[in-house]
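See structure below.
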Amino acid sequence: MTSVSLSPNGDFLTLDLEGQPRRFHAIWLRDNAQDDQTRAPGNGQRLVALRDIPAETKLAAVELSGETLRVSFAPEDKTVEFDLSWLAANAYDKVARAEAGWLPDETTPWNSSLMSDVPIGDFQQLAKGGDALRDWLGKVTRYGFGKIENGPLEDGSLFKVVDLFGYVRETNYGRHFEVRTEVNPTNLAFTGLGLQAHTDNPYRDPVPSIQVLYCLESSAAGGENMVVDGFAAALRLRAENEEYFDVLAKYCARFEYAGDAETCLRSRRPMIELAPDGELIGVRFNNRSLAAVKDVPFGDMDTYYAAYRRLGEIIDDEAMEVTFRLEPGEGFVVDNTRVLHARKAYSGTGTRWLQGCYADKDGLNSKFAALSAQQEG
Ligand code: FE2
């Protein structure tokens, strides 16, 4: 039986929700009122600013009626209703997470064992939208990457992948970039060397949060693509040595790219990024574009470099990586704020032609949430 009670001075109420007492402040309830004068009926946007709500707002009365809580505010003399399910979903009277580097339930860190369960979408199915697209986008948000198969073969097909969920982020490299390799073993300069796993363009602020790589031709042996979960790597670093995790989260690195006279991209951000409450929200790792790190105090620089080295070793560990080969008409999407990618070295002769582009995950997350809401609704 659900019950509700008011605090003596009307500052907050206590509601039993799913067996747990949850407190809600008067000012929070008033600001989150769902009535037509507070929220626009069509788009749900708030019609009032906090300045329109008296600072001395109190709860004058509360009443439960089935799945509805009726709340009256003073001094406005205003009564609004809340669905208990909405209050349960937005309850904040909980124990705060204490550890640095926590992840929300929707995010699952992974290692090489994900190899047997790579999130794959069939382009023809995804293009129809609906459940197939929602399920694949759900996996991309959970794991930070997803593969696409059975896609078109013409130049620019990667844009059709982006069209599934969002918009291309154009940069100084253009709307897309070409990754063409002619493998010629008689000249090492043209051998397709492997690259260490990295996140792309950490020197941009904001960083492109999605990268798409798409294969159009592939006749050379080797050159597999590999992805590593930066969140899993950071959490392994924390488990091994908390001081290493903390130093990479505490201090900003610097990244830079000045490849031509027109370009001078610089950023100052940590390799391991935490939200103010400790949520692990980003990883940046790119040996090629790390600039001189100058925001670490002298006394911590030894630890910083030891931590950076160890994070790199963890990233290089095969136990962390998922490897797959892209055939023509196949591509993959990575969350570039989390998942590192790399290319393994080529062997033999042949050509390989990939196209890449950037996009942002606000669009991807929005598409997933909207499809999920449609399905539930
Ligand atoms: Fe890259």
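Below is a table of values for the structure above.
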{"item": "For peptides 155-166, 27-38, sequence by mean Cβ density within 10 Å, most packed first", "result": "155-166, 27-38"}
{"item": "Percent carbon-and-sulfur accessible area, segment 112-376, ignoring ligands, DNA and RNA, probe 1.4 Å", "result": "49"}
{"item": "Distant-in-sequence amide H partners of Ala60 (H built 1.01 Å from N, under 5 Å)", "result": "Ser72, Phe73, Ala74"}
{"item": "Span from the segment 267-298 Cα centroid across to the segment 59-93 one, whole angstrom", "result": "43"}
{"item": "Residues in segment 226-254 reached by a label modelled at Glu99 [backbone nitrogen below 13 Å; 7 Å Cα→Cβ]", "result": "232, 234-242"}
{"item": "Calculated from backbone phi, Karplus (6.51, -1.76, 1.60) coupling profile of segment 254-261 in Hz, x at Gly/Pro", "result": "10, 10, 8, 9, 9, x, 8, 5"}
{"item": "Anchor Lys294: lysines whose Cα lies under 30 Å away (excluding residues fewer than 8 positions away in-chain)", "result": "Lys250"}
{"item": "GNM top mover of Phe231, Phe177, Phe245 - the chain, alpha-carbon springs below 10 Å", "result": "Phe177"}
{"item": "Whole-Hz couplings from phi, Karplus 6.51/-1.76/1.60, listed for segment 112-120; x for Gly and Pro", "result": "4, 5, 6, 3, 7, 9, 4, x, 10"}
{"item": "Calculated FRET efficiency for the pair Ser347/Thr79, C-beta based, R₀ 56 Å, to 0.05", "result": "0.15"}
{"item": "Segment 2-89 shape via C-alpha gyration tensor axes, a/c threshold 1.5", "result": "oblate"}
{"item": "Extended-chain gain in nm, criterion 0.36 nm per residue less alpha-carbon gap, Ala55 and Trp86", "result": "8.7 nm"}
{"item": "Accessible carbon and sulfur surface of segment 2-89 relative to its total accessible area, %, 1.4 Å", "result": "46"}
{"item": "Amide proton proximity set for Ser347, modelled H, under 5 Å, gap of 5+", "result": "Ala221, Gly222, Gly223"}
{"item": "Ellipsoid semi-axes in whole angstrom, largest first, where each is sqrt(5λ) of the Cα gyration tensor of the chain", "result": "46, 26, 19"}
{"item": "Simple spin-label estimate for Thr323 and Ser366 in nanometres, 7 Å along Cα-Cβ", "result": "3.9"}
{"item": "Rg over Rh, two decimals, segment 62-131 (C-alpha only, Kirkwood Rh)", "result": "1.24"}
{"item": "Karplus (6.51, -1.76, 1.60) ³J(HN,Hα), θ = phi - 60°, over segment 322-334, in Hz, Gly and Pro reported as x", "result": "10, 10, 8, 9, 8, 9, x, x, 10, x, 9, 10, 10"}
{"item": "Average accessible area per residue (Å²) across segment 2-89 - probe 1.4 Å, nucleic acids and ligands excluded", "result": "58"}
{"item": "Order of exposure, largest accessible area first, which applies to Ser5, Ser267, Ser113 with probe 1.4 Å", "result": "Ser113, Ser5, Ser267"}
{"item": "Residue-span extension gain [Ala40 to Gln374] - 0.36 nm each, minus C-alpha spacing", "result": "118.2 nm"}
{"item": "Amide H contacts of Phe145 (H built 1.01 Å from N, under 5 Å, at least 5 apart or other chain)", "result": "Asp335"}
{"item": "Among 211-217, 79-85, the order from most to least packed when residues are scored by Cβ within 10 Å on average", "result": "211-217, 79-85"}
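The values are calculated or read from the model by the stated rules, or taken from the named source; none is laboratory data. This is a predicted model, so every value here is computed, not measured. Neighbour counts are summed over all protein chains in view; Cβ atoms, including those assigned to glycine, are modelled from backbone coordinates with ideal geometry. Accessible surface areas use protein heavy atoms only, side chains included; no ligands, DNA or RNA. Shrake-Rupley method; radii C 1.70, N 1.55, O 1.52, S 1.80 Å.
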